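Novice: Sending over a structure as structure tokens; questions will come in a sec.
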Amino acid sequence: MSDETQESLITDEMRASIGRESEPTTLEVDKTSVRMFARSVGYTDPVYYDEAAAQAAGYRSLPAPPGYLGTPVFNPNKRSARPQGMLEPSRPLKRVLNGGTDIEYLTDICAGDILTSISAVSSIEERKGRLGEMLITTTKTTYRNQEGEVVAIMTGTGIRY
Amino acid sequence: MGASWDEVQEGMEIPTLEKNCSTQQLVHWAAGSGDFYQIHYDHNFAEATGLPNIIVHGALKHAFLGQLLHDWVGNEGRVKRVGCSYRGMDFPDEDIHCKGVVTRKYEEDGEKLVDLEIWTENPDGQRTSPGSATVRLP
């Protein structure tokens, strides 16, 4: 159990993946998906349900509530983009936890928008904590709308242990 | 009506948002967010991974903190950034108190901004999702 002599969990392949951009993912924001998201959080503000109320409040259509960045277009006949940050470490880790989420909003996202996201791993760290050996992967995802404007930047922290 | 920047003071607490998730709400969230990981709705699956129970999705707690801020700023304000870490698990049918305190009030690039410390708190008073945020106010 001599920890010092153990090799790093982080493989060369994982190190090489840092900063590499993913394939783009297309995400749709529509009225039904905004309502579903808002309902699941428990919002009662009518701007998330009633387009007339949203427009009266100055939005183009139902706005996306904080945390909602569109729904990836699902198609079973197309191969999905390779998931980020899931390269195998040098020793197997079985469990995954979400470590944290940070979202910066640059402009409104509303129903009718089509977003494109591109992710890149920004750091991979290993730590010993109460869960034992942990691998902490930070991923930054940039979302652009159909006009090409950056609408949001999400930084996500994934923990494998 | 949302908060107004002129009335905000550093150190002030914003109104608490109270949550308590039924398992049904977690299923709504799974569909609304697209996160179908079974530890959030399948008790047997959760136990098999070593968890004591189904757990509330971290991202749902992040979204609760987003609602805390949206409900406070209203539609004339905007949530500009929301971030939190998931430090402790929360379980269905247990209170989740969503809270925030103003840490800084300032103007930048012509916008009236407020930074906050935000968090979710479990029934034992532990901060299970500590974080920070920036909002724009009218």
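The values are calculated or read from the model by the stated rules, or taken from the named source; none is laboratory data. Every value quoted in this text rests on a predicted model; they were computed, and no experiment measured them. No Cβ is skipped: glycine too gets one built from the backbone with ideal geometry, and neighbour counts run over all protein chains shown. For the accessible areas, the whole protein counts, side chains as well, though only heavy atoms, and no ligand, DNA or RNA atoms are used. Shrake-Rupley method; radii C 1.70, N 1.55, O 1.52, S 1.80 Å.
Novice: What's the longest bit of chain A with no exposed GluC sites (Glu not before Pro), using DSSP loop states and at most 15 other Cβ atoms within 10 Å as the test?
Specialist: Free of exposed loop sites, the longest segment is A:8-146.
Novice: Right, something else. Output the 0 to 90 degree angle, nearest 10, between the alpha-carbon long axis of helix B:58-73 and the longest principal axis computed from the alpha carbons of chain B.
Specialist: Result, in degrees: 30.
Novice: Expressed as a whole percentage, what fraction of the accessible surface of the stretch B:1-102 belongs to carbon and sulfur atoms when a 1.4 Å probe is rolled over the protein heavy atoms?
Specialist: 47 percent
Novice: Per the Kirkwood treatment, what hydrodynamic radius in Å, one decimal, follows for the protein assembly as shown from the mean inverse distance over all distinct Cα pairs?
Specialist: 20.3 Å
Novice: Now for a separate question. Using +1 on the beta carbon of Lys and Arg, -1 on that of Asp and Glu, and nothing else charged, what's the dipole of the protein assembly as shown about the Cα centre, debye to 20? Numbers along the way, then the final one.
Specialist: Numbers: 30 positive and 44 negative charges, 141 e Å.
Once rounded to the nearest 20, the dipole reads 680 debye.
Novice: Okay, next question. What are the ³J(HN,Hα) couplings of the stretch B:36-46, residue after residue, when phi is run through the Karplus curve with 6.51, -1.76, 1.60 and θ = phi - 60°? Round to Hz, x for glycine and proline.
Specialist: Working through the residues one at a time gives 9, 4, 5, 5, 9, 8, 10, 4, 4, 5, 4 Hz.
Novice: So what is the diffusion coefficient of chain A in µm² per second by Stokes-Einstein at 20 °C and 1.002 mPa s, using a Kirkwood Rh over Cα pairs?
Specialist: Details: Rh = 17.8 Å.
D, rounded to a whole number, is 121 µm²/s.
Novice: Something else: Using the heavy atoms of the protein chains alone and a 1.4 angstrom probe, what is the accessible area of the stretch A:50-161 per residue in square angstrom?
Specialist: 53 Å²
Novice: Which of the residues in the stretch B:1-37 lose at least 40 Å² of accessible area when you go from the chain alone to all protein chains together (probe 1.4 Å)?
Specialist: B:HIS28, B:TRP29, B:GLY32
Novice: Using a 1.4 Å probe, what is the accessible area per residue for chain B, in Å²?
Specialist: Normalised by residue count, the accessible surface of chain B is 45 Å².
Novice: Over the stretch A:32-161, with every protein chain in place, what whole percent of the accessible area is carbon and sulfur at 1.4 Å, could you tell me?
Specialist: Answer for the stretch A:32-161: carbon and sulfur cover 52 percent of the accessible area.
Novice: Another question, then. As a test of the definition: with a 1.4 Å probe, what buried accessible area, both sides summed, do you compute for A against B, in Å² to the nearest 100?
Specialist: 2400 Å²
Novice: Right, next: Sticking to Cα atoms, compute the Rg of the stretch B:25-79 to one decimal and its Dmax as the biggest Cα-Cα distance, whole number, in Å.
Specialist: 14.3, 47
Novice: Right, another one. Please identify every one of the chymotrypsin sites (Phe, Trp or Tyr not before Pro) in the stretch B:23-61 that sits in a loop by DSSP and has no more than 16 other beta carbons within 10 Å of its own beta carbon.
Specialist: B:PHE36, B:TYR37
Novice: For the Cα atoms of chain A, what angle does the longest principal axis make with the long axis of helix A:31-41, in degrees from 0 to 90, nearest 10?
Specialist: 60 degrees
Novice: Only helical DSSP H runs with n ≥ 4 go in: add -39500 (n - 2.57) per run for the protein assembly as shown, normalise by residue count and round the 222 nm mean residue ellipticity to 500 deg cm²/dmol.
Specialist: That comes out to -5500 deg cm²/dmol.
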